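Remarks on the structure that follows.
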Amino acid sequence: MKKHFSLLCACVCVLATALALGFSSAALAASPNDNRPKVRAITAFIALDRAHYQTQIAETLAALKKIKAAYEKAGFEVQTLRITTQPFPEYTRNLSDEQALAFFKQYDALAEKDGFDAAIGPAIDSATGRGNAHAGGDSHEALLLAKIIASTKILEGSVVIADDNGIHWDAIPSAAAVIHYLAENSPNGLGNFRFAAIAMVPPNTPFYPASYQVNGNHTFAVGLQSANVVATALASTTDPQKAQKAIEDSLGKWAQEIEAVSKRAAQESGWRYTGIDLSPAPLKDISIGGAIENFTHQPLGSNGTLAAVAIITRALKNIRVTRTGYSGVMLPVLEDSVIARRWSEGRLSLNSLLLDSSVCATGLDVIPMPGDTTEAQIEPILADVASLAYKWHKPLAARLLPVKGKRAGEQTEFQDPFLVNATIRPVR
């Protein structure tokens, strides 16, 4: 009895010391060995009302902060709060380009001041509502989007190159034009980090820059940073079936816990929860590329890479939560240290990444390219992404980063805290 009392006193002292040192209840709830994922994004979806947007954003942020607090109380770190709107031409159609740019500069300043990320949806033809460009030339809305991104710091957007209606061949040149414009007119071409050509990406996707909403007002979804969880599961075995089961069990446990928190937060906030994007997003040394290599025991891009990616994808599909967004393996070249290294070594290429995309998610993500890459060279790359996505009815995107002043063989020199530098490869 005396021994148990002493142990209890010791625990109380540890707790008191931790609280005195400023540790939160979330930090205390999370064991350092539990390998839990982080919540990369809580994304709120709203139908933006331009006339009252400041009040609307304030109310949305208040709800997001309450939802964030629920995850933190359960021991999960939340990295970003995000607000996504309907396609921006729906709330700027009565404005001149100058007025629209002025509005978005104000919105961007609000996002920077209040600390949230913001997606303004795809550039659509406001006359028809189609998510593509005008036939026969560059879309006016796509060019406006390029100017919006180039003149802001936070805002993100997209051009739809394929959806359930088919491949939008006339949108592909417009998307290529946006990429070229941002390469020329944003610092180091990093405006393209906030732009994607998207194909078959559903609404209510929490990951950026492909995020948009259609009839999803007052809802929220969650995106995870869980490459560490997958890495631990894959390192536990060399057997494909056991590896898949290990991912299902470990990530599934956390996903179900996060979903339970999400549903409670939805009831308390009055916002509708629409699901989790289970994509095991990496961040630099928290590497999905390294996770795959730990299983295959071969450099990424070697034989067996596709099979490992497929194993992870199957596991994600078997996890019993409400899924949304991509919910597949992401292979972002400049956001993952191992993938960036293998790209620089020439073990990965656009074609090999597209091959992997046939069984996973996101397509061609954060690809460094020579600064003199032309629109004519970009268009067939986007056409390949659109064709693959439409053929297999799977969400893919292209986020391509031509780096102004850099040639093939040279190294990128980004200072962005979310990016890894890599060698620029020629476009063939």
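If you take the residues in the range 362-394 that are of a type in the set (Val, Ile, Thr) and in a strand (DSSP E or B), which one is surrounded by the most Cβ atoms within 10 Å (Cβ to Cβ)?
Thr362
Given the conditions (1) outside any helix (DSSP H, G or I); (2) at pLDDT 95 or above, which single one is not true for Gln415?
Exception for Gln415: condition (2).
Out of the residues in the range 153-179 that are in a helix (DSSP H, G or I) and touching a strand residue (DSSP E or B) at 6+ places or on another chain (Cβ under 7 Å), which is surrounded by the fewest Cβ atoms within 10 Å (Cβ to Cβ)?
Ile172
Among the residues of the range 291-335 satisfying the criterion of being hydroxyl-bearing (Ser, Thr, Tyr) and in a loop (DSSP other than H, G, I, E, B), which is surrounded by the most Cβ atoms within 10 Å (Cβ to Cβ)?
Among those residues, the one meeting the criterion is Tyr326.
β-branched (Val, Ile, Thr) and over 27 Å from Ala44 (Cα atoms): which single residue out of Ile258, Ile319, Ile311, Ile288 fits that description?
Residue meeting the stated conditions: Ile311.
Could you list, in sequence order, the residues of the range 154-179 that are hydroxyl-bearing (Ser, Thr, Tyr) and under 19 Å from the mean Cα position of the chain (by Cα)?
Result: Ser158, single match.
Please verify whether Ala197 is within 20 Å of Ala376 (Cβ to Cβ) and buried (at least 23 other Cβ atoms within 10 Å of the Cβ), treating the condition exactly as stated.
Yes.
Of everything in the range 179-196 that's in contact with a Gly (Cβ under 9 Å, 6 or more places away or on another chain) and free of Cβ contacts under 8 Å to residues at least 40 places away in the same chain, which residue is farthest from Pro122 (Cα to Cα)?
Per the criteria, the residue is Asn185.
Here is a list: Val338, Val359. Which entry is of a type in the set (A, V, I, L, M), at pLDDT 95 or above and either more than 24 Å from Ile179 (Cα to Cα) or surrounded by 19 or more Cβ atoms within 10 Å (Cβ to Cβ) (or both)?
Val338 is the lone residue from the list that is of a type in the set (A, V, I, L, M), at pLDDT 95 or above and either more than 24 Å from Ile179 (Cα to Cα) or surrounded by 19 or more Cβ atoms within 10 Å (Cβ to Cβ) (or both).
Any idea how many residues of the range 340-371 are farther than 24 Å from Gly223 by Cβ, of a type in the set (Asp, Glu) and either out of contact with any Gly (no Cβ under 9 Å at 6 or more places or on another chain) or free of Cβ contacts under 8 Å to residues at least 24 places away in the same chain (or both)?
0
Within the group Arg399, Arg407, which residue is surrounded by 23 or more Cβ atoms within 10 Å (Cβ to Cβ), among the charged types (D, E, K, R) and either under 22 Å from Tyr181 (Cα atoms) or free of Cβ contacts under 8 Å to residues at least 40 places away in the same chain (or both)?
It is Arg399.
Among the residues of the range 13-28, are any aromatic (Phe, Trp, Tyr) and at pLDDT below 95?
Within the range 13-28, one or more residues are aromatic (Phe, Trp, Tyr) and at pLDDT below 95.
Within the range 349-388, which residues are among the small types (Gly, Ala, Ser) and under 26 Å from Glu413 (Cβ atoms)?
Matches in the range 349-388: Ser349, Ser352, Gly363, Gly371.
Failed condition for Glu293, given (1) free of Cβ contacts under 8 Å to residues at least 60 places away in the same chain; (2) in contact with a helix residue (DSSP H, G or I) (Cβ under 8 Å, 6 or more places away or on another chain); (3) at positive phi, with all others met?
Failed condition: (3).
In the range 229-241, what residues are surrounded by fewer than 14 Cβ atoms within 10 Å (Cβ to Cβ) and free of Cβ contacts under 8 Å to residues at least 24 places away in the same chain?
Listed by number, the residues that qualify are Asp239, Gln241.
Would it be correct to say that Thr55 is of a type outside the set (Asp, Glu), surrounded by 20 or more Cβ atoms within 10 Å (Cβ to Cβ) and assigned to a helix (DSSP H, G or I)?
no
If only one of Ala383, Ala397 is under 30 Å from Asp249 (Cβ atoms) and modelled with pLDDT of 95 or more, which one is it?
The conditions single out Ala397.
Quick check on my filter: what residues within the range 108-125 are modelled with pLDDT of 95 or more, in contact with a Lys or Arg (Cβ under 9 Å, 6 or more places away or on another chain) and within 21 Å of Pro206 (Cα to Cα)?
Asp108, Ala111, Glu112, Phe116, Asp117, Ala118, Ala119
The values are calculated or read from the model by the stated rules, or taken from the named source; none is laboratory data. As the structure is a prediction and not an experimental result, all values here were calculated from the model. When we count neighbours, we look across all protein chains shown, and the Cβ atoms used for this are built from the backbone with ideal geometry, even at glycine.
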